[in-house]
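Below: one structure, written as structure tokens.
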Amino acid sequence: MTDSIAVLGMLKIVYTIYTVAIMSLFGWFAYGLTAESKPKGILKMPFYGYIALLVIVGVSIHILTFNKIPWVEMDLKRANMTPDKTFNIVMEKQKFILPSDKLMIDCNDKVLFNVDSKDLTYGFGLFREDNTMVFQMQVLPANKNDLLWQFGQNGLYTIRSTEYSGPDGVPPLVGAVEVQGCK
């Protein structure tokens, strides 16, 4: 699976360019409001053409990139997938209870994180060593809370609660997940 940092980095550039184009539309509109001579009839067509172009480009960006986000395709086909590993994790009394001290994952394994809360609403997030988030989900008591993920990079990952769960909080588990075997 493509790493989300690479995909989101490219999307950042695309959406920045698109946002600047939309902001230029505001400038064009403001200029039209304050100009000495107002455009008449046919001269307004380039403005509306530009709006149509922005709509077409915006929709095209979404159509072309919806399947580039790493987790989308796997999530859409999830019903037909069997995970390589399943980790059953319990959250109770502001603590993560893992099936083992360290969750070992081989490169490109599809891993199902099945997380159960016994008392409060928690967040379950996995973070890289540079503190960027890989994924997160909300964990609700008495609900099915699971997430399927495929790891394509070696590393140690930290599990953190991404929801406020009271003044005691949930201490992070640094290095609780290790992925190995990637080239």
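The values are calculated or read from the model by the stated rules, or taken from the named source; none is laboratory data. Bear in mind that the values here come from a model prediction, so they are computed numbers and not experimental data. Cβ sites come from the backbone with ideal geometry, for glycine too, and all protein chains shown count toward neighbours.
Identify, please: which residue in the range 14-27 is among the aliphatic types (A, V, I, L, M) and at pLDDT 85 or above and is, among those, farthest from Met45 (Cα to Cα)? It would help to see each step written out before you state the result.
Narrowing the range 14-27 to residues among the aliphatic types (A, V, I, L, M): 14, 17, 20-23, 25.
After this cut, where a residue has to be at pLDDT 85 or above as well, the list is 17, 20-23.
Numbers: Ile17: 23, Val20: 21, Ala21: 18, Ile22: 17, Met23: 19 Å.
The qualifying residue farthest from Met45 (Cα to Cα) is Ile17.
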Check: With (1) within 18 Å of Phe151 (Cβ to Cβ); (2) in contact with a Ser or Thr (Cβ under 6 Å, 6 or more places away or on another chain); (3) of a type in the set (Ser, Thr, Tyr) as the list, and Thr86 as the residue in question, which single condition is left unmet?
Finding: (2)
Next item on the list: Evaluate the range 108-126: report whether one residue or more is closer than 30 Å to Leu11 by Cα, at pLDDT below 95 and not in a strand (DSSP E or B).
Entry: yes
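For the structure I just gave you, tell me whether Leu126 is surrounded by 14 or more Cβ atoms within 10 Å (Cβ to Cβ) and over 23 Å from the mean Cα position of the chain (by Cα).
Details: surrounded by 14 or more Cβ atoms within 10 Å (Cβ to Cβ): yes; over 23 Å from the mean Cα position of the chain (by Cα): no.
No.
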Next item on the list: Taking the options Val139, Val174, Val134, name whichever one is without any contact (Cβ under 8 Å) to a residue 24 or more places away in the chain and of a type in the set (Val, Ile, Thr).
Entry: Val174
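Out of curiosity, is Leu120 in the same structural domain as Lys93 (by TED's automatic domain parsing) and in contact (Cβ under 8 Å) with a residue 40 or more places away in the chain? Break it down stepwise before answering.
On the way: in the same structural domain as Lys93 (by TED's automatic domain parsing): yes; in contact (Cβ under 8 Å) with a residue 40 or more places away in the chain: yes.
Yes.
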Check: Which of the residues belonging to the range 133-178 are over 23 Å from Asp116 (Cβ atoms) and modelled with pLDDT of 90 or more?
Finding: Asn154, Gly155, Leu156
Check: When the residues of the range 76-107 are filtered to those that are assigned to a helix (DSSP H, G or I) and surrounded by fewer than 13 Cβ atoms within 10 Å (Cβ to Cβ), which remaining residue is farthest from the chain's Cα centre (by Cα)?
Finding: Asn80
